[in-house]
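Visitor: Sharing a structure here in structure tokens format.
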Amino acid sequence: MTEAMTSAAPEPAADEPAALELTDLVMHFGPVRAVDGVSLRIERGKVLALVGESGSGKSTVGRCVVRLLTPTAGTVALAGTDVSRLSRRALRSHRRDVSIVFQDPASSLDPRLTVGDIVGEPLRLLDLAPRRQERDAKVGDALEQVGLRRQVAQRYPHEMSGGQRQRVSIARALVSSPRLLVADEPTSALDVSVQASVLNLLADLQRDLGFACLFITHDLAAVEYLADEVAVMYLGRLVEQGTREAVFDTPRHPYTQALLSAAPLADPREQRARQRVLLSGEIPSPTDPPPGCRFHTRCPVAQDRCRVEVPELHTTPHGQVACHLVDADGVGPDVRIPAERP
Ligand code: SF4
């Protein structure tokens, strides 16, 4: 993985509805404010990476998008249709528009079903291939598409390796030709040795099939490789959003700067020379998020205003940033400290 590989889908028309548009999405579980007002948009055929530490709420966003959860407030629009309040029955006709690949294929595949039945299940449930013969043919095609032989349809998940099982999950997610794929940490439960091949597969499929993708991850190397846009989440809210180049090359939010500075680099010399920000403390509990800027308890440049006033996302030439100290030109603090050279 040396070069960035992003989608080659033709640009969407100006009036085309986004593949996904979240508006002020809120998801509370009792006192836990997991997601607190997230708005984002993914155009057809584009990949948006949603990044942040564990506990930031990014996986909860993914579960709201596929309606495994019904949001507390806000809207989830798939290709222009708000599905956030649809009943189970009404949701059925939108089910084929969006699929999800989970982190751990071992727990997301039913061990009692054959691979063929697992991959064919969406076709059966959505009436996309009611006849067995037709379904088997589509399942075989989907397995080949993810680099598996058609014959593995007869096997059970426990007879396969972790990497093969994740390929089965991807085949199941894509067999119904969704317009949007939610990939929730799709490689983080896999051996390091197979992570790159599964990531390459996702990148190839995304480019060839042209689906939009909400790529939820804390693996910043994967983001750099796969994403067109990046949105950074901290404690239930977005703190920065922009093109991959803008966020990686000129991060404006102190949290984004810290997150990027903590990602390991392949080259040990670059790693030694890079600027680091050491964040103190853990991410606070979403049950009782800090007032004002939620990052103020860990921000090296926090001021009095930050402890009381919530910073809204505002637009700069580098994308959108939620920090009181970043002005409309995108000029703000740089909390990275040059590393000591030997
Ligand atoms: S608003 Fe204040 S506390 Fe929040 S990131 Fe900006 S400087 Fe830090």
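Visitor: Among the listed residues Gly62, Gly55, Gly37, which satisfies the condition of being surrounded by fewer than 20 Cβ atoms within 10 Å (Cβ to Cβ), closer than 20 Å to Val239 by Cβ and in contact with a strand residue (DSSP E or B) (Cβ under 6 Å, 6 or more places away or on another chain)? Quick ask: steps written out before the conclusion?
Guide: Details: Gly62 fails: surrounded by fewer than 20 Cβ atoms within 10 Å (Cβ to Cβ); Gly55 fails: in contact with a strand residue (DSSP E or B) (Cβ under 6 Å, 6 or more places away or on another chain).
None of the other options fit; the residue is Gly37.
Visitor: Checking the condition in contact (Cβ under 8 Å) with a residue 12 or more places away in the chain, within 13 Å of the ligand (Cβ to nearest atom), β-branched (Val, Ile, Thr) and not assigned by TED's automatic domain parsing to the domain that holds Met27, which residue from Thr297, Thr287 passes? Outline the logic, then answer.
Guide: Working: Thr287 fails: within 13 Å of the ligand (Cβ to nearest atom).
On inspection, the qualifying residue turns out to be Thr297.
Visitor: Ok, one more. Spot the failing condition for Asp141; the list is (1) crowded, with 18+ Cβ neighbours inside 10 Å; (2) closer than 11 Å to Val119 by Cα, and only one is missed.
Guide: All conditions pass for Asp141, except number (1).
Visitor: In the range 198-252, which residues are aromatic (Phe, Trp, Tyr) and touching a Lys or Arg at 6+ places or on another chain (Cβ under 9 Å)? Even if it seems obvious, please write down each step before you answer.
Guide: Kept after step one, since they are aromatic (Phe, Trp, Tyr), are these residues of the range 198-252: 211, 215, 225, 234, 248.
Scanning the range 198-252 gives Phe211, Tyr234.
Visitor: Condition (residue is of a type in the set (S, T, N, Q), touching a Leu at 6+ places or on another chain (Cβ under 7 Å) and at pLDDT 95 or above) applied to the range 202-223: is it met by at least one residue?
Guide: As a first pass, look at the range 202-223 and keep what is of a type in the set (S, T, N, Q): 206, 217.
If we keep only those that are touching a Leu at 6+ places or on another chain (Cβ under 7 Å) too, we end up with none.
No, the range 202-223 has no match at all.
Visitor: List, please: which pairs have Cβ atoms under 7 Å, are six or more places apart or on different chains, and start with a residue in the range 309-320 that is in contact (Cβ under 8 Å) with a residue 12 or more places away in the chain and end with one that is within 12 Å of the ligand (Cβ to nearest atom) and in a strand (DSSP E or B)?
Guide: Leu313/Val321; His314/Val321; Gly319/Glu240; Gln320/Glu240; Gln320/His314
Visitor: Take the residues of the range 192-223 that are surrounded by fewer than 21 Cβ atoms within 10 Å (Cβ to Cβ) and over 26 Å from Val139 (Cα atoms): which is farthest from the chain's Cα centre (by Cα)?
Guide: Filtering the range 192-223 for residues that are surrounded by fewer than 21 Cβ atoms within 10 Å (Cβ to Cβ) and over 26 Å from Val139 (Cα atoms), the one farthest from the chain's Cα centre (by Cα) comes out as Ser193.
Visitor: Could you list all residues from the range 209-259 that are among the aromatic types (Phe, Trp, Tyr) and part of a helix (DSSP H, G or I)? Talk me through it step by step, then tell me what you get.
Guide: Taking the range 209-259 as the starting set, the residues that turn out to be among the aromatic types (Phe, Trp, Tyr) are 211, 215, 225, 234, 248, 255.
Answer for the range 209-259, where residues must be among the aromatic types (Phe, Trp, Tyr) and part of a helix (DSSP H, G or I): Tyr225, Phe248, Tyr255.
Visitor: Being more than 9 Å from the ligand (Cβ to nearest atom) and farther than 17 Å from Leu238 by Cβ is the filter; apply it to the range 300-317 and report the residue that is modelled with the lowest pLDDT.
Guide: Pro317
Visitor: Just checking, does the range 200-209 include any residue being more than 22 Å from Leu20 (Cα to Cα), more than 14 Å from the ligand (Cβ to nearest atom) and in the same structural domain as His28 (by TED's automatic domain parsing)? Please lay out each step first, then the result.
Guide: Quick first cut of the range 200-209, residues more than 22 Å from Leu20 (Cα to Cα) only: 200-201.
From what's left, more than 14 Å from the ligand (Cβ to nearest atom): 200-201.
Next, only the ones that are in the same structural domain as His28 (by TED's automatic domain parsing) stay: 200-201.
Yes, the range 200-209 has at least one match.
Visitor: I'm trying to understand the selection: among the residues of the range 75-92, which are farther than 18 Å from Phe211 by Cα, surrounded by fewer than 16 Cβ atoms within 10 Å (Cβ to Cβ) and small (Gly, Ala, Ser)?
Guide: Hits for the range 75-92 are Ser87, Ala90.
The values are calculated or read from the model by the stated rules, or taken from the named source; none is laboratory data. Remember, predicted model here, so these are calculated numbers, not experimental data. All Cβ positions, glycine included, derive from the backbone under ideal geometry; neighbour counts span all protein chains shown.
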